[in-house]
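Chemist: First, the structure itself, so that you have it in front of you.
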Amino acid sequence: MIYGQNQQLCPNIYSMPYEVQPGDTLNSIAARFGTNLVGLIELNPTLRLRSLTEGMTICVPRVPTRPPCINGAYYIIREGDSFYNIAQRYGIPLNLLLEANPEANPYDLKVGQEICIPNVPPGCPFGTVVTIQEGTRLSDILISYNLSLNELREANRNFNPEIIVPGTELCIPAETYIECPQGTTREYVIQPGDSLSSVAMANNITPSRLLIANPHLRPANFLIAGTRVCIPSA
């Protein structure tokens, strides 16, 4: 069932309304809320691919509301996240992370759920700040950092994709951009037709060594054109 933009009714207490944003697809919405296409259609029986439009309100699986986060920053749970690996990633004690999110169930984190990372400075807490260069286009930014427009907007609330101003600083989410260590590696952008084995062979290294140099990537990521990878020195 599809509801008008002002209606808030969804089938059950485990679902909630969501307003379709520019660039959304059924698959991207399903992934964001930890379900699949079948699950999304079950919540919206009359929804079809051709009828998804910006501003429409549909029903999605409910995620817990964001906790208070004074002197910290909000983080959106992604597939595979746990309190343990989040605490390790950002170098904070696990008990502090748990204390900052007393209502969150550490054994049942939901994709799309917002949690509080304590003692994190504002600005670009989980990413890398880059400066837009003269002549840069929106497509250049999205391809270079393997981002969707929605991901770029989430990290840069005041960013206007219609106007690209040289000198503007952008926050690139950490999950999509990992800076290679200087002096020991170089960077390579995956091209159509590339694979883990072909990139490794072209650089005279083993696939295992390539994966060790890119612990944030899965083997399938080496098939996705635009993915940035670190090439260890031969």
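The values are calculated or read from the model by the stated rules, or taken from the named source; none is laboratory data. None of the values given here were measured: they were computed from a predicted structure. We place every Cβ from the backbone using ideal geometry, glycine too, and count neighbours over all the protein chains shown.
Chemist: If the requirement is being touching a strand residue (DSSP E or B) at 6+ places or on another chain (Cβ under 8 Å) and assigned to a loop (DSSP other than H, G, I, E, B), which of these qualifies: Leu40, Leu47? Even if it seems obvious, please write down each step before you answer.
Modeler: Numbers: Leu40 fails: assigned to a loop (DSSP other than H, G, I, E, B).
Only one candidate qualifies: Leu47.
Chemist: Please identify the pairs in which a residue from segment 165-181 that is surrounded by 15 or more Cβ atoms within 10 Å (Cβ to Cβ) has its Cβ atom under 9 Å from the Cβ atom of a residue that is at pLDDT 90 or above, counting only partners at least 6 apart or on another chain.
Modeler: Correct list of pairs: Thr168/Thr131; Thr168/Ile132; Leu170/Thr131; Leu170/Ile132.
Chemist: Filter segment 192-234 down to residues that are at pLDDT below 85 and among the polar types (S, T, N, Q) and give me whichever is nearest to Ser148 (Cα to Cα).
Modeler: Selected residue: Thr227.
Chemist: Then there is this: Could you grab me the full set of residues in segment 8-32 that are modelled with pLDDT of 80 or more and either assigned to a strand (DSSP E or B) or crowded, with 17+ Cβ neighbours inside 10 Å (or both)?
Modeler: The answer is Cys10, Ser15, Met16, Pro17, Tyr18, Glu19, Val20, Asp24, Leu26, Ile29, Ala30.
Rundown of residues vs (1) under 15 Å from the mean Cα position of the chain (by Cα); (2) part of a loop (DSSP other than H, G, I, E, B); (3) at pLDDT 80 or above, yes/no style:
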site: Asp81; (1), (2), (3): yes, yes, yes
site: Tyr84; (1), (2), (3): no, no, yes
site: Ala87; (1), (2), (3): no, no, yes
site: Ile92; (1), (2), (3): no, yes, yes
site: Leu98; (1), (2), (3): no, no, yes
site: Glu103; (1), (2), (3): no, yes, yes
site: Pro106; (1), (2), (3): no, yes, yes
site: Gly112; (1), (2), (3): yes, yes, no
